[in-house]
1. Hey, can you tell me all the residues within region A:160-215 that are within 18 Å of residue A:255 (Cα to Cα), β-branched (Val, Ile, Thr) and under 14 Å from the mean Cα position of the chain (by Cα)?
2. Return the residues of region B:41-60 that are in a loop (DSSP other than H, G, I, E, B) and either in contact with a Ser or Thr (Cβ under 9 Å, 6 or more places away or on another chain) or within 8 Å of chain A (Cβ to nearest Cβ) (or both); say none if nothing qualifies.
3. I'd like the full set of residues that are crowded, with 24+ Cβ neighbours inside 10 Å and either facing chain B (nearest Cβ under 10 Å) or in a loop (DSSP other than H, G, I, E, B) (or both), limited to region A:292-302.
4. Quick one: which strands (runs of 3 or more DSSP E) sit completely within region A:212-291 and have at least 2 residues that are open to solvent by 10 Å² or more (accessible area, probe 1.4 Å)?
5. Cβ-Cβ under 7 Å, sequence separation 6+ or interchain: first residue in region B:43-70 and touching a residue at least 40 places away in the same chain (Cβ under 8 Å), partner of a type in the set (Phe, Trp, Tyr). Which pairs?
6. Within region A:126-153, can you find the residues that are open to solvent by less than 50 Å² (accessible area, probe 1.4 Å) and either outside any loop (DSSP other than H, G, I, E, B) or free of Cβ contacts under 8 Å to residues at least 24 places away in the same chain (or both)?
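The values are calculated or read from the model by the stated rules, or taken from the named source; none is laboratory data. What you are looking at is a predicted structure, and each value in this text was computed from that prediction instead of being measured. Note that each Cβ is placed from the backbone with ideal geometry, even for glycine, and that neighbours are counted across all protein chains shown. In case anyone asks, the SASA skips ligands and DNA or RNA and just uses the protein heavy atoms, side chains included. Shrake-Rupley method; radii C 1.70, N 1.55, O 1.52, S 1.80 Å.
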Amino acid sequence: MNTDSAGGRVPEGPTGRQIITFAPVDDATATRELRDVADLDVGTSRGLDDPAAAATGNVYLEELRIAIVDSAPDQLGALSRAVGDSASPILAVEPEVYVYPFGAIDAPPAVAQDDSDAETEDDEVDAAETYADTDTYTWGLKAVHAVPPILATAPWAGAGIRIAVLDTGIDLGHPDFAGRVIASQSFIPGQPVQDGHSHGTHCAGTAAGPKSPPGTQRRYGVAHGSRLIVGKVLSDSGSGTSGQILAGIEWAIQQGAHVISMSLGSAVAVGQTYYTYYEQAATAALNAGSLIVAAAGNSGWAPVGAPANSPSVLAVAALDQALQRAPFSCVGLNGNGGEVNIAAPGVATYSSVPVSKGSYGFKSGTSMATPHVAGVAATLARKTGLRGRALWQELVRTALPLPLSAQEVGAGLAVVPTRRRPIWDYRPIPWRPGPIIDPGPLEPNPIP
Amino acid sequence: MSEPDAPGGRRVHVTVTGRGVDDALADLRDAGLEVDEALRGLGIVTGRAAPDAVERMRGLPGVTVEPEDQVQLPPPDAPVQ
């Protein structure tokens, strides 16, 4: 089993509940069978609207033809007997277990890079350089070293790390996210997780888009090995309340998120301090091993917004292709948490949007910079095993300094940890004994 | 923004420090908070409270009362998100 989770706080083994799998029958037949066999009452799936039902109550998941029930020993016996009964649609009764991703070995890095004009040192930034998208990578991926500079490799893709994106949801039907979303939940009454705005799908793509997107040649996701936890805390029209955001944070922590990415916020006046509730939520998250990164805000030369202005939330500024602060990116005018902590690409960012809106598109904003940092944090968490406050410190420590004030960009550009690759990097040929060739009797060298 | 004249008062978030949410819940209800949700993992209670109830809650130990905040993203095609 994988033990990537911080301090073993994720429980292991059986939960005490049973998972019952049915043959292809309709919902009524399946639920009737449960009632007849074991006197168990199950509602239909309320998973999208009521997270508690999926976690505690007896539920029947229609799409899967699976029931999850809390059964007494005699009920379990009756259910188990039904498995052997050919007349019963019950196929299997198995214990529910706590699950989390297996650790995966990061794929070997691609040898050929198409960015031969990128910087030649992986710990320096050339201020004169201007990044641009290529056919195969977005400029943001190159800037944060998700596409490594030459003479380096980026072996960390965030495998086994869970990134929660609290936003307008996600296009669950987008082929780029097939198998990547391990949990999703809407906190907007009457609206499913499905992203009707496009902001959430764009942000999730930047953080964790796939290594080889099926619909485009251009890779745009930083931590392509990580998994997504998607909380819809903003409506399809882009509005939300701090209450919905808090509920989303609590849920993301419960889901075991290692990084929580929040490309959202509200403006804050000069001299205004942070909200106690956001700070308390961020502290609870850090204590649980979840790092919250949030957008600094797009009000220009104005204070970092809320919740990014909480001392325990990592505030992210946006950079343009020349690694200059984007003119809209908010700055540290208020102390006590109101500082900018780190910066990342946030201008002309190419990422996924809902298929109904064209599948891919460009957006600009500190909202786009934030998931770049979430992705970098995931790779660092994977590489170092650090969580929470320690991960924050490592992220800031490894950021590349920029020739700009900390008020504008904090510690500088967030980057994926890379390994130096020697110029003479070659594949060693293993030695193995060859056939022993007997040269036969040797002619003595003639002596002249 | 939040509706100050809504029935039950305006929407507030109550941050509880130094004790558990469940411990504080009865006191908050007594003070006049209409509880929406108790976020036990965070130590925060969301709900509605009239101005006099807010004043009463502020007198409780380890309790911070703040108004709910609103977030609004620009439309999907706005130049800056």
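1. Within region A:160-215, A:161, A:163, A:165, A:170, A:181, A:182 meet the criteria.
2. Filtering region B:41-60 for residues in a loop (DSSP other than H, G, I, E, B) gives B:41-43, B:50, B:59-60.
Across region B:41-60, the qualifying residues are B:41, B:42, B:43.
3. Of region A:292-302, the ones crowded, with 24+ Cβ neighbours inside 10 Å are A:292-298.
Answer for region A:292-302, where residues must be crowded, with 24+ Cβ neighbours inside 10 Å and either facing chain B (nearest Cβ under 10 Å) or in a loop (DSSP other than H, G, I, E, B) (or both): A:295, A:296, A:297, A:298.
4. Numbers: elements: A:227-232, A:239-241, A:259-262.
Per the criteria, A:239-241.
5. B:66/A:275; B:66/A:277
6. A:137, A:139, A:140, A:141, A:142, A:143, A:152, A:153
Conditions (1) within 17 Å of the chain's Cα centre (by Cα); (2) β-branched (Val, Ile, Thr), marked per residue:
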| residue | (1), (2) |
| --- | --- |
| A:329 | no, no |
| A:340 | no, yes |
| A:346 | no, no |
| A:356 | no, no |
| A:359 | no, no |
| A:367 | yes, no |
| A:370 | yes, yes |
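To keep it simple, each residue is scored yes or no on (1) within 14 Å of chain B (Cβ to nearest Cβ); (2) not polar (S, T, N, Q).
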{"residue": "A:148", "(1), (2)": "no, yes"}
{"residue": "A:153", "(1), (2)": "no, no"}
{"residue": "A:168", "(1), (2)": "yes, no"}
{"residue": "A:182", "(1), (2)": "no, yes"}
{"residue": "A:198", "(1), (2)": "yes, no"}
{"residue": "A:205", "(1), (2)": "yes, yes"}
{"residue": "A:218", "(1), (2)": "no, yes"}
{"residue": "A:250", "(1), (2)": "yes, yes"}
